[in-house]
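Comments concern the structure below.
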Amino acid sequence: MRNLEFLKANRFPMYVDNESDEGCSKQQNMMQSKVSTAERLSTPNMQVPRVAEELKVPLIRSLLTKALKAQHVERFKLAGTIFREVLQVLPKQRICLRALGAMALEINHYPEAVNWLQEGVREYPNDALFHTRLGDAYSGLGKYEEALEKYDRALGLVVDNQSLTAISDLDKMTLADETISNVEKNHTDVKSTFKRDQIKEPDIDDLNAGDLQGAVTLDGLKIACAKVLSKMGNGSLANAILMEVLKDSPGNIDALYEYGGLLLSHGLIKDAVSVFLKLMIARPGSKKIRRSLSKALKHQQGLESLKNELAPEAMAAPALAFIASCVKDYGAISEAVELYEMASTMSPSTPGYFLSLIHLYEVTYEYHKGLEKAVTFFRNAKSSIRNLSYRSAIECIDNNKGISQDQESNPSESHVGVEYPRWCILPSRDVEAEQERHVLVNNNQENDGSDRGTSCNYDESNLDSLAVVFTATKILFISGFLERASRLARIVEPARAASAKPLHQTLVRNEAAYFTCLHQILEDYPIPLPFGPIEKSNALFLAGDSHCLSAAWRRVCLRGKDCVLIPKLVTGLKIWHLRPESDFYPKIAFENTMKSIPDVSKVVMLYGEIDCRDGIIGAVEKGKYQDIEEGVQATVDLYIDILQKLVTERRFELFVHPIPPVLNETRPLVQTFNRTLEQRLLFYKKAHPAIGGRLHWLDFVADLLTAEGLPVPFPLFC
């Protein structure tokens with residue numbers, strides 16, 4: 001093994017390695033194949049059957065193109081199926097081996113990647129890309145010595161420029177096997193499965209066709225070595241290699257990224273923030289750069305370092321809001337809150353900043369702060385919306401001091417934010433008359449209501465303003481201020497209905513969907529008021545995604561006792577977000593929501609619908625699971641692990657609600673999920689009797705569907 005010598009010396013091999021006999025033989029055979037093919041095609045007396053075989057080459061090109069399209073849009077399962085079928089005909093096809101290894105790497109299936117890439121190395125020993133990606137796979141498995149060895153071999157090939165080209169594969173195809181035609185027939189409709197705007201015509205003659213990371217370069221290999229050395233604990237040598245790269249190429253983004261990681265690991269927060277901030281500006285869409293900046297900002301000095309790093313002209317509201325939007329997805333919630341607070345202070349009439357800030361206060365479970373921000377925006381708004389009175393909205397929202405989640409915390413609890421809802425019932429008011437008056441807050445002009453019934457083309461600012469009111473309505477509802485929520489919904493409904501464009505086709509579709517659901521609940525299925533006080537003995541918490549809203553604040557009988565379902569909403573949560581390594585913000589919202597529930601409480605758990613609608617299907621298409629069943633089992637196992645932790649650590653008594661099968665498209669998957677969840681849950685209860693007594697399955701799945709297999713004809717769920 002030669003790589004350790006050049007690493008110790010901080011030099012990279014500049015040797016010329018003669019090809020192996022096997023490699024020379026392969027190249028010679030391929031050249032002969034080119035010549036013989038050309039000779040046959042130019043010979044007048046060539047036999048017809050041989051011509052027919054040669055004409056099958058376009059079929060292979062077509063299949064590879066379709067597979068590469070599927071790979072491009074991350075439909076790895078479909079792409080892998082086609083690539084494997086081509087390999088049945090052409091066992092050594094380079095693009096197929098390369099693509100199968102690349103896709104396995106992309107989804108972190110490192111053992112599978114090793115298998116494909118090892119085969120590629122055996123068949124194409126002078127292809128630097130195969131050696132490099134095999135090194136990546138070994139690195140993912142923690143086999144760092146093997147990774148360095150492969151990078152070393154690739155370095156030699158790159159320096160000697162001895163990698164073979166991919167196009168030559170099409171010249172050496174053996175076409176006698178009639179299954180080529182069958183493979184083609186199996187996938188004639190692949191193109192039709194893609195949206196037109198997603199299709200990118202791939203070039204199978206590209207030297208790197210099938211790879212997902214691009215060409216192998218000398219600098220790229222040096223950076224890969226530095227990354228592995230850093231994982232091995234040799235940060236000084238890794239740093240030296242990166243400095244060598246940056247000396248010749250100061251703007252190398254990959255080198256800067258690894259260098260920033262080294263700075264962060266050594267506690268040099270200010271320098272790390274500086275590096276990652278520059279990288280994010282250069283590549284704003286990079287997830288790994290956003291995640292690293294978020295990680296840096298979460299350090300004690302992180303946010304202050306960011307402020308010091310920004311030039312005075314960069315300390316503008318749009319820049320701060322952009323950074324906040326980038327880092328919130330990866331767990332830097334308090335930092336994003338502060339950045340949005342600064343942005344909204346600098347630009348108090350920009351609704352988008354307030355909307356994002358209110359949503360973050362939902363994540364932190366500080367609903368009272370979210371409502372305060374809504375009121376602040378309405379008071380400072382410089383533009384108005386037809387059919388909507390901001391002053392009326394303020395009167396519905398303001399003075400909700402009792403909504404503070406800290407005001408009635410139980411000091412005996414180890415967690416913060418525990419409160420039993422307190423009801424706030426206002427005298428009835430003539431909402432319709434209030435709407436007709438329609439005071440325009442900032443200029444005191446009166447609207448006579450003549451705009452009623454006309455449609456409005458809302459711009460982005462108008463839509464964000466509407467979304468602020470929609471979200472305030474949601475917060476009032478889930479906090480127990482039902483009459484105020486109902487009044488606010490009636491005030492904003494004319495403005496919602498006046499939109500010329502359906503709101504579900506706009507950027508505020510989620511806020512609009514929540515509002516529409518709540519408005520229907522409040523108008524068509526009103527909750528009887530007033531309630532008496534809700535105590536611990538008659539509180540039954542309903543924790544879930546949006547499906548918890550329709551049952552919120554209803555009364556149910558549990559073991560002969562009248563209980564109230566108190567909603568604990570976590571917007572957009574997938575069960576998959578709760579895995580240990582996740583740092584996505586819905587996980588933080590879930591954790592804060594659970595903290596708001598007192599220990600030893602009774603809780604109905606209603607999660608998993610979004611996994612069935614989006615997560616599991618997408619994961620199967622990407623090849624993370626072999627099929628739907630495997631994806632369901634993995635998700636259910638994670639869910640049960642979360643449930644048992646809540647039982648043991650918080651002493652909750654949990655009632656697991658089946659997923660409502662409301663959508664025609666996902667109903668079969670939901671039914672599979674419910675069956676699997678029930679089976680696994682009952683098995684777990686038997687295996688763990690001490691915990692099983694506090695973990696229950698609500699076995700009314702059959703009541704959610706009619707005899708014809710359709711949803712029940714009454715709106716249990718939105």
Would you please put 151-161, 558-568 in order of how densely packed they are, using the mean number of other Cβ atoms within 10 angstrom per residue and starting with the highest? 151-161, 558-568
Going by a ≥ b ≥ c, the root eigenvalues of the Cα gyration tensor, does region 218-266 fall in the rounded group (a/c under 1.5), the prolate group (a/b larger than b/c) or the oblate group? prolate
Between region 540-586 and region 640-671, what's the alpha-carbon centroid distance in Å? 10
Phi angles of region 262-272, converted by Karplus (6.51 cos²θ - 1.76 cosθ + 1.60, θ = phi - 60°) into ³J(HN,Hα) in whole Hz with x for Gly and Pro, give 5, 4, 5, 5, 9, x, 8, 5, 4, 5, 5
List the residues, sorted by chain then number, that are 5 or more residues from Leu542 or on another chain and whose placed amide H is less than 5 Å from its amide H. Ile566, Lys568, Val604
Please give me, ordered by residue number, the GluC sites (Glu not before Pro) of region 492-578 that lie in loop per DSSP and have at most 10 other Cβ atoms within 10 Å. Glu535
Do the alpha carbons of any pairs in Lys298/Lys568; Lys287/Lys307; Lys298/Lys328; Lys150/Lys624 sit beyond 18 Å of each other, and which pairs? Lys298/Lys568; Lys287/Lys307; Lys150/Lys624
Taking θ as phi - 60°, what are the ³J(HN,Hα) couplings along region 636-653 by the Karplus curve (6.51, -1.76, 1.60), each to the nearest whole Hz, with x for Gly and Pro? 5, 4, 5, 4, 5, 4, 5, 4, 5, 5, 5, 5, 6, 8, 10, 6, 5, 9
From the square roots a ≥ b ≥ c of the eigenvalues of the alpha-carbon gyration tensor of region 470-525, which class results: rounded (a/c under 1.5), prolate (a/b over b/c), or oblate? prolate
Using θ = phi - 60° and the Karplus form 6.51 cos²θ - 1.76 cosθ + 1.60, what ³J(HN,Hα) does each residue of region 562-576 get, whole Hz, x for Gly and Pro? 6, 10, 10, 7, 9, x, 10, 7, 10, 5, x, 7, 9, 4, 4
Which of Arg122, Arg484 has the fewest Cβ neighbours within 10 Å, and the rest in rising order: Arg122, Arg484
What is the local net charge at Gly251, summed over the other residues whose Cβ is closer than 13 Å to its Cβ (Lys, Arg +1; Asp, Glu -1)? 0
Contact order relative to length of region 218-266, as percent, for alpha carbon pairs under 8 angstrom and 6 or more apart: 37
Ranked list, fewest to most other Cβ atoms within 10 Å of each Cβ, for Phe700, Phe377: Phe700, Phe377
Residues meeting the amide H criterion for Lys143 (H placed from the backbone, H to H distance under 5 Å, 5 or more places apart or on another chain) are none
Which whole-number percentage describes the relative contact order of region 537-704, with Cα contacts under 8 Å and a sequence gap of 6 or more? 21
For Asp127, the residues 5 or more places away or on another chain with a placed amide H closer than 5 Å to its own amide H are Leu164
Quick check: from the Cα gyration tensor, does region 561-718 come out rounded (a/c under 1.5), prolate or oblate? rounded
Sorting check: for 462-470, 208-216, which peptide has the highest mean count of neighbouring beta carbons within 10 Å, and how do the rest follow? 462-470, 208-216
Neighbourhood charge, 14 Å Cβ-Cβ cut-off, centred on Cys517 and excluding it, Lys, Arg +1 and Asp, Glu -1: -3
Order of Asp611, Asp329, Asp545 from fewest to most other C-beta atoms within 10 Å? Asp329, Asp545, Asp611
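A short reminder: the numbers here are calculations on the coordinates, not readings from a lab. Computed from a predicted model, the values in this text were never measured in an experiment. As a convention, Cβ positions derive from the backbone with ideal geometry for all residues, glycine included, and neighbour counts pool all protein chains shown.
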